[in-house]
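A.B. asks: Got a structure here, written out as structure tokens. Questions coming.
The values are calculated or read from the model by the stated rules, or taken from the named source; none is laboratory data. What you see is a predicted model; the values in this text were computed from it and never measured. Reconstructed Cβ throughout: ideal geometry from the backbone, glycine too, with neighbour counts over all protein chains shown.
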Amino acid sequence: MNKSEYTQSSLDDSTLLETLEESLRSLELWGKKLIIGVSGGVDSMALLTALHELKQQLFVIHINYGLRGVDSDQDQELVEHIAQFYDYEVASFRVHYVPEFGNLQAWARDMRYQIFREIRREESAVAVVLAHHREDVLETVFQKLFRGSSPVHWDGMKLWEEEQALFRPWLKHSKAELIDYAGTRAVPYREDSTNAESAYNRNWLRNEWVPMLHQRFPGWDEHLLDLGEYGRLLQSYQDQWAARCIRVHGDSNQHKVDLTELEPFPESVQLDRLKIFVEQHPLFRKEEPLSRGQLNHLRGLIKAEPGKKVSVNGRLMVYRQRTCLLAMPNQVSTHAPQVVEQPRGNELLQKEPYTFQVLKGINPLELAKNGPELYLDAHTLSWPLRIRDWKEGDRFTPLGMKGSTKMSDYLINHKIPLAEKSGYRILEDGNNSIIAVLFPLNKSKNVSHYGIPSDQQKCTQATTLVLQIGLKSSIN
């Protein structure tokens, strides 16, 4: 083979080339380094040739799955030979499938996209260019319809996927056009014999359904592609609703939506809006999509009591508040319990950030009026004390109350923001009785004291021995 066989000067301009150049320029990819996956089939070989014709920078990747024995090796040889003939760097990867990996096609897709990402990063390339065409879009839309995908996904494939930097310039062109282009350029390629088999869904659609549809419903393909417009229209409505109704508090990573945007509407609308609400949070991961069961649990929050919550994943929680739903990071406490031994004499014990001191001969009721320190009747305590995080089910009797209340209800009744709830801590005595609640240092509202005692441990005029709880002087 010599390069004179591939001289392009005498060939007419191609519509495929015009589309490719226009897309490269509009996405500001012109002249920049690209990764291209080349299988050896006509689609990717035609795209490789077209990019070479436009003198674009490329790094060529071939993945040999080894599924067709000698044929797979010959595919690799062809890709490597043509890439080198075009003066492009090329890397081939041999991967091996075992049944434990699950669905073969899903595994192969995940494997190649993983390789594309890694090589793009290593080569400092700006995008991965792929040779998907019009029939690929149709087959993708078919499969999404059959699997019950949301209409927003009916557009099949996108020209540009920014998140993964995937570039598909030929989605509006048919495979026949790619074959014609390859013929005019004498592009060598290899046919995958398994494409004629209908074992895989895409092949079954391509080989069995599509020919019959062309006979029975002429123009069906155009109508199917038009569904993408409905999907884009729905996406536009969803985006407008999200911009209007989801309140974002960036500092605390909180997203809120009023219940009035959910309660009056039918179930289908509620589920759709809940999905949008959760998926817009930065802690949501697209690779962990919401299941129907999760959406139904989230919908249950609409009628639930304030304080109820649903876990989306290990990072994101959705809470029911009085008038809204709140999506925010899962508040996982890292506080370790702290043991407080009984101070000796006038000893000042420090348990970051608190101080503990037993005082005699003072009037705690007068002191409590003048400062934020917390005072407990030391005679009512069983030592040692312990500082710990509060948990669901904790109950105590707040100062001035006759009956006990749940700690969670106490926080709700005092309208404590969810972001601050994990900062509240429990002080319990040696009998595991809650004797006080200690407030967080970063409490957003001004408070007169560092905590609240349990009513059983409150100081009275008869109190002669007082436990004073304060903060380290460096914090005061």
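A.B. asks: Please determine, by comparing only the residues of the stretch 429-473 that are more than 23 Å from residue 344 (Cβ to Cβ), loosely packed, with under 14 Cβ neighbours inside 10 Å and small (Gly, Ala, Ser), which one is modelled with the highest pLDDT.
C.D. replies: Among those residues, the one meeting the criterion is 462.
A quick yes/no check of all residues on (1) modelled with pLDDT under 95; (2) closer than 30 Å to residue 81 by Cβ:
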position: 134; (1), (2): yes, yes
position: 158; (1), (2): yes, no
position: 165; (1), (2): no, yes
position: 193; (1), (2): yes, yes
position: 204; (1), (2): yes, no
position: 215; (1), (2): yes, no
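A.B. asks: Among the residues of the stretch 378-403, write down those that are hydroxyl-bearing (Ser, Thr, Tyr) and surrounded by fewer than 17 Cβ atoms within 10 Å (Cβ to Cβ).
C.D. replies: 382
A.B. asks: Do any residues in the stretch 408-429 that are farther than 20 Å from residue 385 by Cβ have Cβ atoms under 7 Å from those of residues that are part of a loop (DSSP other than H, G, I, E, B) and among the polar types (S, T, N, Q), where the two are at least six apart or on different chains, and which pairs are they?
C.D. replies: 417/444; 419/252; 420/444; 421/331; 422/331; 422/333
A.B. asks: Which condition breaks for residue 32 when tested against (1) closer than 17 Å to residue 160 by Cα; (2) under 29 Å from the mean Cα position of the chain (by Cα); (3) of a type in the set (Lys, Arg); (4) surrounded by fewer than 17 Cβ atoms within 10 Å (Cβ to Cβ)?
C.D. replies: With (1) closer than 17 Å to residue 160 by Cα; (2) under 29 Å from the mean Cα position of the chain (by Cα); (3) of a type in the set (Lys, Arg); (4) surrounded by fewer than 17 Cβ atoms within 10 Å (Cβ to Cβ) applied to residue 32, the lone miss is (2).
A.B. asks: Okay, moving on. Report, by residue number, each residue of the stretch 105-119 that is touching a residue at least 24 places away in the same chain (Cβ under 8 Å) and either touching a Cys at 6+ places or on another chain (Cβ under 9 Å) or within 14 Å of residue 65 (Cα to Cα) (or both).
C.D. replies: 105, 108, 111, 112, 113, 115
A.B. asks: Sticking with this structure for a sec: Could you tell me which residue of the stretch 120-131 is farthest from the chain's Cα centre (by Cα), considering only residues that are surrounded by fewer than 20 Cβ atoms within 10 Å (Cβ to Cβ) and in contact (Cβ under 8 Å) with a residue 60 or more places away in the chain?
C.D. replies: That would be 123.
A.B. asks: Just to be sure I understand, how many residues within the stretch 248-268 are surrounded by fewer than 18 Cβ atoms within 10 Å (Cβ to Cβ) and modelled with pLDDT under 95?
C.D. replies: 7
A.B. asks: Check residue 90 against each of (1) in contact (Cβ under 8 Å) with a residue 24 or more places away in the chain; (2) in a helix (DSSP H, G or I); (3) not polar (S, T, N, Q) and name the one condition it does not meet.
C.D. replies: If we test residue 90 against (1) in contact (Cβ under 8 Å) with a residue 24 or more places away in the chain; (2) in a helix (DSSP H, G or I); (3) not polar (S, T, N, Q), just (2) comes out false.
A.B. asks: If you don't mind, there's one more thing I want to ask. What's the number of the only condition in (1) within 41 Å of the chain's Cα centre (by Cα); (2) modelled with pLDDT of 90 or more that residue 381 fails to meet?
C.D. replies: (1)
A.B. asks: I'd like to check something: does the stretch 97-112 contain any residue that is within 37 Å of the chain's Cα centre (by Cα), β-branched (Val, Ile, Thr) and either surrounded by 14 or more Cβ atoms within 10 Å (Cβ to Cβ) or under 30 Å from residue 186 (Cβ atoms) (or both)?
C.D. replies: no
A.B. asks: Given the condition closer than 26 Å to residue 173 by Cβ and assigned by TED's automatic domain parsing to the domain that holds residue 20, answer yes or no: does some residue in the stretch 93-102 qualify?
C.D. replies: No: zero hits.
A.B. asks: Please go through (1) in contact with a strand residue (DSSP E or B) (Cβ under 6 Å, 6 or more places away or on another chain); (2) modelled with pLDDT of 95 or more; (3) not aliphatic (A, V, I, L, M) for residue 72 and return the number of the only condition it doesn't satisfy.
C.D. replies: (2)
A.B. asks: Of all residues in the stretch 132-152, how many are hydrophobic (A, V, I, L, M, F, W, C) and under 22 Å from the mean Cα position of the chain (by Cα)?
C.D. replies: 1
A.B. asks: Here is a follow-up. Out of 148, 183, 156, I need the residue that is small (Gly, Ala, Ser), at positive phi and either surrounded by 13 or more Cβ atoms within 10 Å (Cβ to Cβ) or outside any loop (DSSP other than H, G, I, E, B) (or both). Which one?
C.D. replies: 156
Conditions tested, residue by residue: (1) farther than 17 Å from residue 34 by Cα; (2) of a type in the set (A, V, I, L, M).
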| site | (1), (2) |
| --- | --- |
| 75 | yes, no |
| 79 | no, yes |
| 89 | no, no |
| 96 | yes, no |
| 104 | yes, yes |
| 114 | no, no |
| 121 | no, no |
| 127 | no, yes |
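A.B. asks: Can you pull out the residues in the stretch 52-66 that are touching a strand residue (DSSP E or B) at 6+ places or on another chain (Cβ under 9 Å) and assigned to a helix (DSSP H, G or I)?
C.D. replies: Result: 52, single match.
A.B. asks: A follow-up question, please. Consider residue 91 carefully, then state whether it is farther than 23 Å from residue 177 by Cβ, of a type outside the set (Lys, Arg), out of contact with any His (no Cβ under 6 Å at 6 or more places or on another chain) and modelled with pLDDT under 95.
C.D. replies: Spelling it out, it is not the case that residue 91 is farther than 23 Å from residue 177 by Cβ, of a type outside the set (Lys, Arg), out of contact with any His (no Cβ under 6 Å at 6 or more places or on another chain) and modelled with pLDDT under 95.
A.B. asks: Filter the stretch 384-418 down to the residues that are among the small types (Gly, Ala, Ser) and more than 35 Å from the chain's Cα centre (by Cα) and list them by number.
C.D. replies: Across the stretch 384-418, the qualifying residues are 400, 403, 404.
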